[in-house]
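Enquirer: Once you've had a glance at the structure underneath, I'll fire off some questions.
The values are calculated or read from the model by the stated rules, or taken from the named source; none is laboratory data. What you see is a predicted model, and the numbers here were worked out from it, not measured in a lab. Note that each Cβ is placed from the backbone with ideal geometry, even for glycine, and that neighbours are counted across all protein chains shown. All accessible areas refer to the heavy atoms of the entire protein, side chains included, with ligands and DNA or RNA removed. Shrake-Rupley method; radii C 1.70, N 1.55, O 1.52, S 1.80 Å.
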Amino acid sequence: MAEPVEVYNKLDTEEDDDVYTKDGTVDYKGNPANKKTTGTWKACPYILGNECCERLAYYGMSTNLLLYFKNNLDQHSVTASKNYSNWSGTCYITPLIGAFVADAYLGRYWTIAIFSVIYVIGMTLLTLSASVSGLRPTCVSKEDCHATSTQTAVTFLALYLVALGTGGIKPCVSSYGADQFDDADEREKKHKSSFFNWFYFSINIGALIASSVLVWIQDNVGWGWGFGIPAVAMAIAIGSFFFGTRLYRNQKPSGSPLTRIAQVIAASWRKRRVQVPNDKSTLYETADNESAIVGSRKLDHTKSFSFFDKAAVELESDRTNEPANPWQLCTVTQVEELKSIVKLLPIWATGIIFATVYGQMSNLFVLQGSFMDIYLNKFEIPPAALSIFDTLSVIFWVPVYDQIIVPVARKYTGHKSGLTQLQRMGTGLVISIFAMLAAGTLEVVRLGIVKRNNYYDYKNMPMSIFWQVPQYFLIGCAEVFTFIGQLEFFYHQAPDSMRSLCSALSLTTVALGSYLSSLLVTIVTSISTKGGKLGWIPDNLNRGHLQNFFWLLAIMSLLNLGAFLWISNWYTYKKPV
């Protein structure tokens, strides 16, 4: 009778394998996630809806923010540009906080939920600062306002609360969506690449509404409504997220990733004089099928950064400790986690210049457009509204890439995604160079018209703002290749237990790009205004040389592309067991 029982047990095990996910995810009750009732595309609409509304809130507030600083808070062009860059940069640094909390302690679900509440508080305070008497700046006309130091302080307090709130959402939502597809199931895994495309698509649906409807409301109805609607959108985002709770698959938090990194560094330094054996199979690893790190698969040994392998060399003194002291002996998987992070850093660094180029859409592109003809018949077009063409470009290119470019490229490359993640990112870097060349060329032509017709003191010289469309469209195309490729690359190449942290790491390129833009503006202004000159970016751009700044970014982008190609040839992809 024993043999039939064994057969039945085997059948039950196989059935369980088909029913439950194999990547360690659990449902909202903490039980193993059932494939039929959780995850995949049935859970994604709530996550994508959350992201769409959150991005509507963010871009609805931020797209026109530079002109709010300049006109309503009465700041000079350079000051407004630097304040915007610094705030925008902070919005992409705070994800490191949210990611650490998610990976180490709360998990992605509760991190998104808690930080969303902080976000709504910030948005509400910002709305009050623009609508309540005593908190809002005093305005004689739309462009003649005066803000007290207290009013300015309340505005920036609200903005930096938003920056903290978005820090818990940005690094978690994309990873949380990708978690809905089982890495150990080939049928589900192939949908992950498409998820990242449609995730970015949903971002830009929100941005489309923000850069068209909300920018118009801010310029023509008022900033109280202009900030209030994004606050309501953020509240809807929270509702959408909670509505899908029963369908989500959740990765368990695995403890502090920074502690594990520190343990490998400490252990390898302690054993710096120890020789790593030629037979790498003798390096320390748990005997179980599962990794010792909660929520992480085992990783194969790789040859790079062999110094850290010393942390996994088992000495006689290590065998006396049961269990092993992780500050003296680390598993191969733990060592490979650190190696994965170190290998990502050079690729990460090449994203900073691209982010600087991307940041000009909400910065110097807006200033450039504000000096052009902003009227279509009698309809006034807010300069920031031109970013709608970036959004339309993304909305156009995402399905083109997913449905046309990938199948065609797959025939030639044999790669399941058509292009590798690095090839996709590199293509975007090339396109970004042409975006800067287009912006610089437009400024040369614009200043030529100003000079020939003595339009120096015209607030809006007679050249249609729609001549900016090509540079916005090129930036949008570059985003589809580089930013989506970057999202996918950092998710797949990250250790399983550090995916939020690595998503946050990829987002910091946008932060550092904003800070670099601010630094470049400061340096350029300092140098170009010597001897009493107006400089490249004066308050009156008709007397400036903004094109030189775009040429500078084009040259930096070209050098950055060369560095990226060299690093890509050196990079080896992660090998999970």
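Enquirer: Keeping every protein chain present and rolling a 1.4 Å probe, give me the accessible area per residue for the range 433-487 in Å².
Expert: Normalised by residue count, the accessible surface of the range 433-487 is 41 Å².
Enquirer: Hey, another quick one. Taking only protein heavy atoms into account and a 1.4 Å probe, give the accessible area per residue of the range 257-335 in Å².
Expert: Spelled out: the 1.4 Å probe surface of the range 257-335, per residue, equals 58 Å².
Enquirer: Follow-up. What is the packing order of peptides 411-420, 111-120, taking the mean over residues of other C-beta atoms within 10 Å and listing the highest first?
Expert: 111-120, 411-420
Enquirer: Additional query: Dividing the convex hull volume of the alpha carbon atoms of the range 257-335 by its residue count, what do you get in Å³ per residue?
Expert: Expressed per residue, the convex hull around the Cα atoms of the range 257-335 is 95 Å³.
Enquirer: Given +1 on the Cβ of Lys and Arg, -1 on the Cβ of Asp and Glu, and no further charges, what dipole in debye does the range 257-335 carry about its Cα centre, rounded to the nearest 20?
Expert: That gives the range 257-335 a dipole magnitude of about 420 debye.
Enquirer: Sequence-distant or interchain residues sharing an amide H contact under 5 Å with Tyr20, placed H: which?
Expert: Under 5 Å from the amide H of Tyr20: Lys35.
Enquirer: What's the carbon and sulfur percent of the chain's accessible surface, probe 1.4 angstrom, rounded to a whole number?
Expert: C and S fraction of accessible area: 63 percent.
Enquirer: Additional query: Ranking request for peptides 467-474, 345-352, 565-572: highest mean number of other beta-carbon atoms within 10 Å first, then the rest in descending order.
Expert: Ranking the peptides 467-474, 345-352, 565-572 by packing returns 467-474, 345-352, 565-572.
Enquirer: Percent of alpha carbon pairs in the range 19-255 separated by more than 28 Å?
Expert: Of all Cα-Cα distances in the range 19-255, 35 percent exceed 28 Å.
Enquirer: Can I ask one more? Two decimals is fine: what is log10 I(q)/I(0) at q = 0.10, 0.12, 0.14 Å⁻¹ for the range 294-435, from a Debye sum with one equal scatterer on every Cα and no solvent?
Expert: After summing over all Cα pairs, the log10 values are -0.65, -0.79, -0.91.
Enquirer: Oh, and also: Per residue, how much accessible area does the range 19-255 show when a 1.4 Å probe rolls over the protein heavy atoms, in square angstrom?
Expert: I get 37 Å² per residue for this part.
Enquirer: Nothing charged except the Cβ atoms of Lys and Arg (+1) and of Asp and Glu (-1): what's the magnitude of the dipole of the chain about its Cα centre? Round to the nearest 20 debye.
Expert: Rounded to the nearest 20 debye, it is 1580 debye.
Enquirer: If you take the C-alpha gyration tensor of the range 163-238, multiply each eigenvalue by 5 and take the square root, what semi-axes do you get, largest first, in whole Å?
Expert: Whole-Å semi-axes of the equivalent ellipsoid: 33, 14, 8.
Enquirer: Could you pull the Cα extents of the chain along its three principal axes, largest to smallest, in whole Å?
Expert: Principal-axis extents of the chain (Cα, largest first): 96, 52, 50 Å.
Enquirer: Within the P(r) computed for the range 512-570, what percentage of the Cα pairs occupies the region above 18 Å?
Expert: Considering the range 512-570, 45 percent of its Cα-Cα pairs are separated by more than 18 Å.
Enquirer: Could you size up the charge dipole of the range 19-255 around its Cα centre, putting +1 on the beta carbon of Lys and Arg and -1 on that of Asp and Glu, and report it in debye to the nearest 20?
Expert: 520
Enquirer: Give me the Kirkwood hydrodynamic radius of the range 406-516, using the inverse of the mean 1/r over all pairs of distinct Cα atoms, in Å to one decimal.
Expert: Hydrodynamic radius (Kirkwood, Cα only) of the range 406-516 equals 16.8 Å.
Enquirer: I need to check one value: relative contact order of the range 19-255, counting alpha carbon pairs closer than 8 Å and at least 6 residues apart, in percent.
Expert: The value is 41 percent.
Enquirer: When the Cα centres of the range 178-209 and the range 452-521 are compared, how far apart do they sit, in Å?
Expert: Result: 21 Å between the Cα centres.
Enquirer: Could you state, as a whole-number percent, how many of the C-alpha pairs of the range 336-576 are farther apart than 21 Å?
Expert: 61
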